[in-house]
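Encoded as structure tokens, the structure appears first; notes follow it.
A short reminder: the numbers here are calculations on the coordinates, not readings from a lab. As the structure is a computational prediction, the values presented were derived from the model and not from experiment. All Cβ positions, even for glycine, are placed from backbone atoms using ideal geometry, and neighbour counts span all protein chains on display.
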Amino acid sequence: MVNRETEPIFWTLFSAGGVVAALFLPVQLFIFALAVPLGWMQAPGYESLRALVHSPITRIYLFVLCSLPLFHFAHRFRYTLYDGLQIKHLNEVVFAGCYGIAILGTLAAGYLLWTV
């Protein structure tokens, strides 16, 4: 569980995930959810996207884009449950649930990017 030695790791993942969620996710959403469907940008073809995803830099970018916001969510949700619902007595369950979801999502993203 969390102790004084491991708490800075989770705060670092929280802050890094917040930065990624604030800076990179809006750009991705603008491009793929707004600009391409409205015709402001030409939609990339399947082969060009496939070639782009095979680049190691793109895979790292997509992995970071998927995993760090999950840890941001886990940390924020954990403290929301503690402060909002006052369930500090379920510390181990909340910790395992929140960070377990983030770890499973990170593993899934890594597996999918590795096998593409």
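Based on the Cβ-Cβ distance of THR115 and ARG4, what FRET efficiency does E = 1/(1 + (r/R0)^6) give at R0 = 35 Å, to the nearest 0.05? Spell out each step's value before the answer.
Numbers: r = 38 Å, r/R0 = 1.10.
The value I calculate is 0.35.
Among the helices of the chain (complete DSSP H runs), which have Cα atoms covering no less than 18 Å along the helix axis and a Kyte-Doolittle mean of at least -1.0?
7-23, 56-84, 91-115
Say each of LEU34 and ALA108 gets a label point 7 Å from the Cα, pointing the same way as Cα to Cβ; how far apart are those two points in nm?
Using points 7 Å along Cα→Cβ, the separation is 2.7 nm.
Rounded, prolate or oblate: which fits the chain, taking a ≥ b ≥ c as square roots of the Cα gyration tensor eigenvalues, rounded meaning a/c under 1.5, else prolate when a/b beats b/c? Working shown, then result.
Numbers: a/c = 2.90, a/b = 2.03, b/c = 1.43.
Verdict is prolate for the chain.
Modelled label-to-label distance, LEU23 and PHE63, 7 Å Cα→beta-carbon offset: nm?
With each label placed 7 Å out from Cα toward Cβ, I get 1.9 nm.
At a 10 Å Cβ-Cβ cut-off, how would you order CYS66, CYS98, fewest neighbours first?
Placing the least packed residue first, the sequence is CYS66, CYS98.
Mind jotting down the distance between the C-alpha centroids of the stretch 1-29 and the stretch 37-116, whole Å?
Their Cα centres are 11 Å away from one another.
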